[in-house]
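Below: one structure, written as structure tokens.
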Amino acid sequence: MQHRIFIAGGEDNLEVFRWSDDRLAQAIRETPDTRSQIGAVFLGRVERIEPSLNAAFVEIGLGRPGMLPLKKQGNPTEGAVIPVQVRRDEREGKAVRLSATIHSEVAYEEPLALAKGQGRVPALLVPPPNAWQTCLLALNPAEIEEVICERRIDVAAVQRWCALHAQELADRVRHVPAREWQPERAEAEDEIAAALEEIVTLPCGGNLLIEPVRTLTAIDVNSATATRKAGLELTALTVNLEAAREVPRQLALRNLGGISVVDFIDLENRNKREQVMEALRAAAAIDPAVEWVGNMSRLGLVEILRRRRGPTLAEMWSGGTRNGEQ
């Protein structure tokens, strides 16, 4: 798997495009309001202890207290001032999830001492990584061919970051104006527009129907017009194989986290079912956020667990592209 990363815009409207093996696999639009807080370190104050949840609620300045599970997290008291790190963003009415165990690439001892000395609580000690930092951290540096910056001013900043976190990438960062990008920006916008639709057409004539609901994402594999092109059994295998290769990319591009259930076309032959699973697991290499791929049930159902991080593609891009196109 080879990746090319394209970075456009600044802090107020940062855009990151990841092309993996010449296919768009990620398209992130990040604004101050939509930036993920995962990884941020705060100095917070314990607002209350909730014994029924075995959790503490900690005020960290994000509008509502975050939840700190107390299992293996010590036993803080109400009013205590403690450093915490965001592990999960707020979603669906649930508060951010916190941890008292700090894992950070950036030292926070100095801002912690400063905040305590000035009595600033809550206080942000270490900001969360931005979109391109998160993207680069998730990938194997050996598989990243180049990092392209639209703005010349960003090259030095990206190189400095790479020197600290992925030294071998520093000499692969360069400036290329967006009008000279290959693949062109317009190609990315076309892929984004297609990924905002429910139906994905496969090369064989079959399709995927992708329906995110509140608790999971349902993906239905359909033969559609493919049955006119070959015998039924061959078509079912062909459609399933193409679907297996496309599903992980669609989950990554759409940034759909949590559990997804893929309903493949029934295959009675066990060897053919195993072919589909091999194709699905191989294709999942495009997405570092995939945590688990289950086995195929006798009904053709496969569960995929993908880590949640940040808003979905629809939430980031439903307002159109940066140029105002839909």
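The values are calculated or read from the model by the stated rules, or taken from the named source; none is laboratory data. Fair warning: this is a prediction, and the values are worked out from it, not measured in the lab. Glycine gets a Cβ as well: all are built from the backbone with ideal geometry, and neighbour counts include every protein chain shown.
Filtering I7, I38, I60 for residues that are in contact with a helix residue (DSSP H, G or I) (Cβ under 9 Å, 6 or more places away or on another chain) and surrounded by 21 or more Cβ atoms within 10 Å (Cβ to Cβ) leaves a single hit, I7. All but one of (1) surrounded by 15 or more Cβ atoms within 10 Å (Cβ to Cβ); (2) assigned by TED's automatic domain parsing to the domain that holds R249 hold for T225; state the number of the condition that does not hold. Here T225 clears every test but (1). Within the stretch 200-253, restricting attention to residues that are in a loop (DSSP other than H, G, I, E, B) and within 20 Å of the chain's Cα centre (by Cα), the residue that is modelled with the lowest pLDDT is R214. Tallying residues that are in contact with a strand residue (DSSP E or B) (Cβ under 9 Å, 6 or more places away or on another chain), part of a loop (DSSP other than H, G, I, E, B) and at pLDDT 95 or above within the stretch 150-181 yields 4.
Can you spot a residue in the stretch 152-174 that is over 16 Å from G10 (Cα atoms), in contact with a Lys or Arg (Cβ under 6 Å, 6 or more places away or on another chain) and in contact (Cβ under 8 Å) with a residue 12 or more places away in the chain? No, the conditions are met nowhere in the stretch 152-174. Step by step: first the residues of the stretch 266-287, then only those that are at pLDDT below 95 and not in a helix (DSSP H, G or I), then the one that is surrounded by the most Cβ atoms within 10 Å (Cβ to Cβ). Which residue is that? The qualifying residue surrounded by the most Cβ atoms within 10 Å (Cβ to Cβ) is L267.
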